[in-house]
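The values are calculated or read from the model by the stated rules, or taken from the named source; none is laboratory data. All values derive from a computational prediction rather than experimental measurement. Here the Cβ is made from the backbone with ideal geometry for all residues, glycine too, and neighbour counts use every protein chain on show.
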Amino acid sequence: MTDHQHSQGNPSVKPKSSGIIPGLVQGLITTAKTAARPSHTAEYPDAQPHLPPRSQGVIALLEENCTSCMLCSRECPDWCIYIDSHKETLPATTEGGRERQRNVLDRFAIDFSLCMYCGICVEVCPFDALHWSPEFEYAELDITDLLHEKTRLGEWMPTVPLPPALDPRSAEPQEITAANKPARTTPEARP
Amino acid sequence: MNPALELALRLVILVVAFIVVALVVGQTEHKVMAHMQGRLGPMYAGGFHGWAQLLADAVKFLQKEDLTPRDADRWVFRVAPAVALAPYLVVCAVIPLSPTLVAADVGAGALFILAAGSVGILGVLMAGWSSANKYSLLGGMRAAAQLLSYELPMVLAVASVALAAGTVSLTGIVDAWNPLWLLWQLPGAIVFLIAAIAELKRTPFDMPVAEPEIVMGPLTEYTGLRFAFFMLSEYAGIVVMSLLFSVLFLGGWHGPFSDALGPVWTLLKSAFISVVIIWLRVAWPRLREDQLQRLAWLVLVPLALAQLALTAVWVVLSSQ
């Protein structure tokens with residue numbers, strides 16, 4: 001049944017008022033009612049906005065997790081992530097063992113004057129080094145000050161909200177399953 | 001008192017009161033319009049609910065560069081804002097707030113305000129013509145057409161009141177007023193209010209300055225203080241039209257304790273009309289150019305003529 005038939009069949013549904021005069025009066029009534037109600041405006045600098053926890057305000061860096069793999073930098077649509085790193089050789093831990101090489105992060109910077117807040121870098125990071133923080137008050141008088149180096153990016157880390165709780169009866173996270181697995185026992189020698 | 005001194009004193013008081021009241025109406029429009037749209041409006045300038053917003057705007061306008069387009073008719077372009085503002089000041093001078101409180105008491109006040117008020121059209125037309133801009137020209141032409149067609153019903157409505165009072169003096173009209181006028185001059189009052197809003201080029205009659213179509217019409221090329229003058233003349237126009245409406249149709253200073261509170265009653269009635277004018281702006285959409293002309297010639301002029309005939313019949317019958 002269409003709406004048209006419905007309104008014809010049901011006399012209690014009032015047809016929308018039409019014509020010039022009812023329309024003009026309706027406009028006056030609506031504006032007067034709105035003026036009588038308190039407005040919904042939140043006066044921002046005096047009252048903080050209620051942001052959803054997943055707001056994309058600024059990108060925080062957890063430096064320990066970064067392996068300088070450059071994935072974020074390469075995926076960035078406007079190339080605003082700068083990474084410098086060098087390789088460090090670690091001595092062998094056991095006698096006669098092989099020396100290991102490790103990436104050391106020298107510079108990690110995001111230029112927020114270029115960033116378009118797409119969040120691809122956060123999505124693509126395989127080691128959870130980048131996180132969204134809802135903080136947004138980092139406007140600068142000089143555009144070059146919007147280039148946040150790794151110390152500044154690290155300072156945003158405490159403002160990152162906790163991950164959302166799992167749904168009830170959902171599967172256990174992989175990490176916990178792995179940690180709870182009994183240690184592998186050495187198989188007995190075959191007879 | 002020395003007549004020259006008294007003249008200067010009256011002039012200074014008039015200009016200060018004129019600008020202050022115009023700014024108060026402007027601020028009222030900011031706040032009323034905001035609350036009708038579910039906003040707060042200015043809240044910071046001056047501290048208490050942004051009372052000094054328009055003063056802050058004035059300071060900003062002062063700092064702007066005073067640009068004149070290269071191809072503009074320079075002299076006309078520069079004079080136009082003053083031509084738009086001054087007639088309202090002149091009209092303001094002859095409107096009585098009470099039998100004694102008037103800057104300049106003119107015998108034929110009703111004629112004087114109609115004559116002086118229509119000079120304001122020239123300012124807009126000059127601005128539109130001299131700007132050397134197609135939007136300004138279109139806006140100026142629209143303004144001229146609109147102001148000319150709404151001048152007629154306005155004159156007829158005022159004529160009806162003058163006929164009923166038997167005088168063209170504004171003080172005389174208010175003295176002849178009695179509450180019955182609210183009823184039998186009602187069509188004339190409605191015609192006058194609509195024509196007044198159209199004269200002010202305010203929504204729903206803001207076709208000449210329709211921003212989505214022709215940017216800002218005749219004001220497109222104006223910057224800084226000259227633009228501010230045009231805005232001030234709009235608010236001053238609201239003041240003048242509200243005062244006129246309350247004097248012509250609402251009985252000016254008539255009211256309880258009118259001996260002591262006469263000017264307060266006039267101002268209260270005018271304030272009410274100002275808020276109504278602001279309210280209509282918020283609530284109603286803009287009329288198209290042809291609808292606008294149709295309303296003037298097919299509705300308002302016949303209505304005003306009918307009111308004039310009714311008044312004439314009444315006056316003749318009651319005088320017998």
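When residues of segment B:273-293 are filtered for being within 14 Å of another protein chain (Cβ to nearest Cβ) and free of Cβ contacts under 8 Å to residues at least 24 places away in the same chain, how many remain?
1
Hey, can you tell me all the residues within segment B:18-52 that are of a type in the set (A, V, I, L, M), away from every other protein chain (no Cβ under 12 Å) and in contact (Cβ under 8 Å) with a residue 60 or more places away in the chain?
Going through segment B:18-52, the residues of a type in the set (A, V, I, L, M) turn out to be B:19-25, B:32-34, B:36, B:40, B:43, B:45, B:52.
Restricting the remaining residues to those that are away from every other protein chain (no Cβ under 12 Å) gives B:19-25, B:45, B:52.
The answer is B:Ile19, B:Val21, B:Ala22, B:Leu23, B:Val25.
List every residue pair whose Cβ atoms lie under 6 Å apart, where the two residues are 6 or more positions apart in sequence or sit on different chains, the first residue falls within segment A:142-164 and is over 14 Å from A:Cys80 (Cβ atoms), and the second residue, located anywhere, is surrounded by 14 or more Cβ atoms within 10 Å (Cβ to Cβ) and β-branched (Val, Ile, Thr).
Listed by first residue and then by second, the contacts come to A:Trp156/A:Val58.
For B:Pro96, all conditions in the list (1) over 15 Å from the mean Cα position of the chain (by Cα); (2) assigned to a helix (DSSP H, G or I); (3) modelled with pLDDT under 85 hold save one; what is the number of the exception?
Only one criterion in (1) over 15 Å from the mean Cα position of the chain (by Cα); (2) assigned to a helix (DSSP H, G or I); (3) modelled with pLDDT under 85 is unmet by B:Pro96, namely (2).
Just the residues that are part of a helix (DSSP H, G or I) and either of a type in the set (S, T, N, Q) or touching a residue at least 60 places away in the same chain (Cβ under 8 Å) (or both), please, taken from segment A:165-191.
A:Gln174, A:Thr177, A:Asn180
Could you tell me how many of the residues in segment A:1-51 are more than 14 Å from chain B (Cβ to nearest Cβ) and either in contact with a Cys (Cβ under 8 Å, 6 or more places away or on another chain) or at pLDDT below 85 (or both)? Steps first, please.
Just the residues of segment A:1-51 that are more than 14 Å from chain B (Cβ to nearest Cβ), to begin with: A:1-19, A:48-51.
Narrowing further to those that are either in contact with a Cys (Cβ under 8 Å, 6 or more places away or on another chain) or at pLDDT below 85 (or both): A:1-19.
Qualifying residue count for the region: 19.
A:Tyr138 - would you say it is surrounded by 10 or more Cβ atoms within 10 Å (Cβ to Cβ) and either in contact with a His (Cβ under 9 Å, 6 or more places away or on another chain) or assigned to a helix (DSSP H, G or I) (or both)? Steps first, please.
Numbers: surrounded by 10 or more Cβ atoms within 10 Å (Cβ to Cβ): yes; either in contact with a His (Cβ under 9 Å, 6 or more places away or on another chain) or assigned to a helix (DSSP H, G or I) (or both): yes.
Judged against the criteria, A:Tyr138 is a match.
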